[in-house]
Structures are given as structure tokens and as C-alpha cells.
Amino acid sequence: MKFIESVIATVSPGWAAKRAQARHTLSVFNSYEAIKTTRLRNRRGDSKSGDATAHEAVKTIREISRDLDQNHDLAHGALNILVNCTIGQSGIGVEPMVMDTGGNLLTDLNEEIHYWYMKWSEAPDVTKELDRAMMERLAGRSLYRDGEFFAQHVEGNVNRFNHGSPVSYSLELLESDMVPENMFDPKKRLSSGIERNSWGEPRFFNVLKQHPGDILSDSMNYSMRFDTKRISAERMTHVKLIDRIRQGRGISVFASVYTRLDDLRDFEESERIAARIAAAQVMAITKPLDGAASYLGDDSSNDRSFDIAPGSIWDDLLPGEKPEILSSDRPNNNLDSFRMGQLKAVSSGVGVNYSSLAKEYSVSYSSQRQELAEQYGSYGSMTALFISKFTMPNYKRFMRMLLTQGLITLPDNVDMNSLYAAQFIGPVAPWIDPQKEAKADELLLKNNLASHSQLIRRRGGIPRDTFKQIQQDNDYLDNSGNTQNTNDNSTGSQTTGDQNQ
């Protein structure tokens, strides 16, 4: 505190404190140019919590994002890329890894678990209309487009409901609209439809009994349309995209790029209209300024259109008149470069690689490889989020129900701590140059820097299935009298063959 403020403090401590605070604020203002507001730059800030900020925007952004998915080709394509690169065509692969007390994999037990998991995967949702791959892809699309999704776990015997598989476990996927974001009650610590304890842990979810935008909702009265049921957090899964600590609801990947996408759509539409007008060739007849044509009896109300054809001769032009083609500067020569710059910004904001979004593959191998290496880090983090919050908890509940129903028998030497262990395999990065990629795998195997199983999993396969297929191929070749055997090749070549299978 300055001397004069220490003197003032003896008379008025509050005044002295305000002077000191103002001096501190002024020093910060002079230190950081970023906080200065000028005529050209209006600084904006947000002091709200992540939960409060999301609450104000989540519904509007969700509706905007759905419109983009339905009506904007670039947004629809970006979602397709995200789903394909983070969830995959067949969903997340699961390889049971139950071990014995000696740390060795129990092959027969793992194969049995895998059999039941594939049976359950045929119809895991309550509607019985989706297999597991379709369910996970829809869940992933909802996550990226809407920012979140919910799922209710239906376990055991439930009145008037039959599970889609012998395993008594199903999931009910719920769009984010089903948990109303406008439900608040401070006494219950209820915020955005979710009740939490004092630590912020979800305890209950208030779920609408009918989707508010469903056709059936139109025939209901107001009270029935917004009637909710209170579901324990133990029976619910909430997967969300968040950027702030303690942010209660998720935000779409399009939140930061919506304005750019909307402007780009309007710009391209304007350019298309201008190009259509330019393609329709128009001709005008210029007349002299001295009025000679009018003196000769020209009547402008008459239709004076002319047929245009190769070798046409117009012999009815009035004196002083001449035809002139109206030219256009469309298409815009700068359209491609402008669109390319905008798409690069969109791809960065949404989290997809530019080449896939723009369908531009004219760059070199090294450039494509660098882009793929950087982008698959982002895809990998999204896959990890989906696995940890959705696929892995679902698998654990599946295993618990499998044991409860007695569908599998555990051997005496099983390690009970490994019952729920599994390898979760997401989509793998595609090969840009298969020959170079295969050579790299050969070197890894040759120098004992990777195992066959690791490389097979890296390519999205399950080692046990791959080895079994190789053995079946070898047996078939031996029995058919063909002396060629897949194991005759070098170790590296065998690995390449395994991956191709």
C-alpha cells in the first residue's frame, strides 16, 4: 500500500482499499493489451460457470446442429467422417481378456464370452431394431451433433418387456431432449434436469415419458406432454462433450463453426445462382442516342426477339441498332481458394481432417501422412471418450448379467480380478501407402519391437480370430494337396497376410 493510502486508511479503510484495488486494476490494464477495449475491438468475456453457459445455449445449438445435419451437405459429411473414424463401420471391437491366476489368458472361456457377446450384439437395444454397430454409430452421431446422449440400462426381468437376446440386458437410447434442460430446483440441487449431490455427482435424471417433438406428443395435453419420471443415476448413462469443469450438459461440435458454415452455404448458393444466370446467355439491342430508330417508327412494345442459330442473319434491325451480348464475370475465379480457406477453418473447429471434408487428395504422400498422424490423435481421443463412457460400462453390465444368469462356468483357476478385463478396439488409421506400412510392420517384428497380436489389433483385428483363420487356411491347403503354406513366408510377410485377413 502506498504512503498516501496508509494515511487514508487510518481515517477511511474502505476508501484506501478501493484506491488500492483501482491501482491494481489499472496496472493489469496497462500490462495486457488483450483486455483493452477500443473503437475497433470490443472485448468480450464470460464469467459464468460452464453449467450456466451451456444451459443458455444447449437447446438452440442442438436445434441448429440438427438443421445442419439435415440440410447442409458439408455438416452432414463432417458427421459421417467423425462417426466412421471414431466408431467405425462395425462399432467398437471387444476382445475378452480373462486370465488365470498365473496371468495367462483363458482361451476357451474368452471364446465363450465372445460368443455370448456377439449373440447379445444382434439386438442390444429395447426396440430390437438395431444391432450393436448401428446402436453405437447412432449414439456417436447424437453425441457429436447434439453434444450428448443418454441411455437407460434395462437389466433382468422387466414387466411386459422381453430382451432381444438370451442375456437379460438391454439399452434404451435417449436423445438429449428427453432430459429437459429447463428443470431447476435449488432445494434438490436440480439443474438442467439432473439432480446432484453436494460434490456434483449425478444422483437422479428427470426423463420425459415422451419425446417433446414426437408425433404422439401433439395429441397429448400440456401436462402429459411434459410429464417426467425420476431415474436413478445407477440405471442411466450420460455421455457428453464438454469444455468446462462441472459443465452439466454437452455442446455440439458445430457450436464454434455454425456461423462460418451458414455463411459458406449462403455464399455458395449466391454463386450458384449467379452462375445459372451467367449460363443463360442474354443479348441486348443497343440503339442510337439521336433517336433515329424511334423516328423510323420503332414500337418498343413489339416483341423483338431473334432466333439464334449457326449462320443466322438478322436483316430487320433498324438503322443505328446493333446486337450486343451481355457478359458475366461468373463463375468467380476466387471461389475455390476462398472455399478452401473456409473449409480448413471448419475442419479444425469440428475436428475432422480437411482432405476428407473437402475431398481434396492432390497433396503428396508425406503431407497426407502428416495430416493423418495429427488428426488421428483427435479421433483417438474421441474414441477413448466413447469407449470409457459407453462401450466399457455396457460390457461390464453385460458380463455381470452373464454371470448372474449362469450362462458361463468359471474355471477354478480364474483370476476374479480379470473377469471384466477386455481389449476395446476402435477404428484404425487407414494405410496411405500399403507397401511402406507393411515394411514398417516387418521391421517392428524383426527387431522384436512389436508382437503379432499388437499389430493385428492395430489393424482392427482380434488376434485369436486371426490365428484361427490362419490355421484353417493352412489345414485347407494341406488337405487340398497344395504345398504352399502361409507360414512358409517370412515372419514379416506372415504378419502382412494376417492383417489382410
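The values are calculated or read from the model by the stated rules, or taken from the named source; none is laboratory data. Remember, predicted model here, so these are calculated numbers, not experimental data. Note that we place each Cβ from the backbone using ideal geometry, even for glycine, and neighbour counts take in every protein chain shown.
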Check: When you scan the range 131-162, how many residues do you find that are surrounded by fewer than 21 Cβ atoms within 10 Å (Cβ to Cβ), in a loop (DSSP other than H, G, I, E, B) and touching a residue at least 40 places away in the same chain (Cβ under 8 Å)?
Finding: 1
Margin query: Restricting to the range 416-459, give me the number of residues that are within 22 Å of Gln370 (Cβ to Cβ) and in contact with a Lys or Arg (Cβ under 6 Å, 6 or more places away or on another chain).
Written below: 2
Item checked: Residue count for the range 185-201, restricted to those that are more than 29 Å from the chain's Cα centre (by Cα), outside any helix (DSSP H, G or I) and either surrounded by fewer than 13 Cβ atoms within 10 Å (Cβ to Cβ) or modelled with pLDDT of 95 or more (or both) -> 4
Next item on the list: From (1) of a type outside the set (Asp, Glu); (2) within 13 Å of the chain's Cα centre (by Cα); (3) over 28 Å from Leu143 (Cβ atoms), pick out the condition that doesn't hold for Met340.
Entry: (2)
Item checked: Single condition Gly406 does not satisfy, out of (1) touching a residue at least 24 places away in the same chain (Cβ under 8 Å); (2) within 30 Å of Leu173 (Cβ to Cβ); (3) of a type in the set (Gly, Ala, Ser) -> (1)
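Is at least one residue of the range 202-219 assigned to a loop (DSSP other than H, G, I, E, B), surrounded by 14 or more Cβ atoms within 10 Å (Cβ to Cβ) and touching a His at 6+ places or on another chain (Cβ under 9 Å)?
No, the range 202-219 contains no residue that is assigned to a loop (DSSP other than H, G, I, E, B), surrounded by 14 or more Cβ atoms within 10 Å (Cβ to Cβ) and touching a His at 6+ places or on another chain (Cβ under 9 Å).
Let's see how each residue does on (1) modelled with pLDDT of 80 or more; (2) among the aliphatic types (A, V, I, L, M):
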| position | (1), (2) |
| --- | --- |
| Leu449 | yes, yes |
| Ser453 | yes, no |
| Pro463 | yes, no |
| Asp475 | yes, no |
| Thr483 | no, no |
| Thr486 | no, no |
| Gly492 | no, no |
| Thr495 | no, no |
Notebook entry, point to check: Among the residues of the range 440-450, which ones are free of Cβ contacts under 8 Å to residues at least 24 places away in the same chain and either in a helix (DSSP H, G or I) or in contact with a helix residue (DSSP H, G or I) (Cβ under 7 Å, 6 or more places away or on another chain) (or both)?
Noted result: Ala440, Leu444, Ala450
Notebook entry, point to check: Would you say Asn417 is at pLDDT 85 or above, outside any helix (DSSP H, G or I), loosely packed, with under 12 Cβ neighbours inside 10 Å and over 27 Å from the mean Cα position of the chain (by Cα)?
Noted result: no
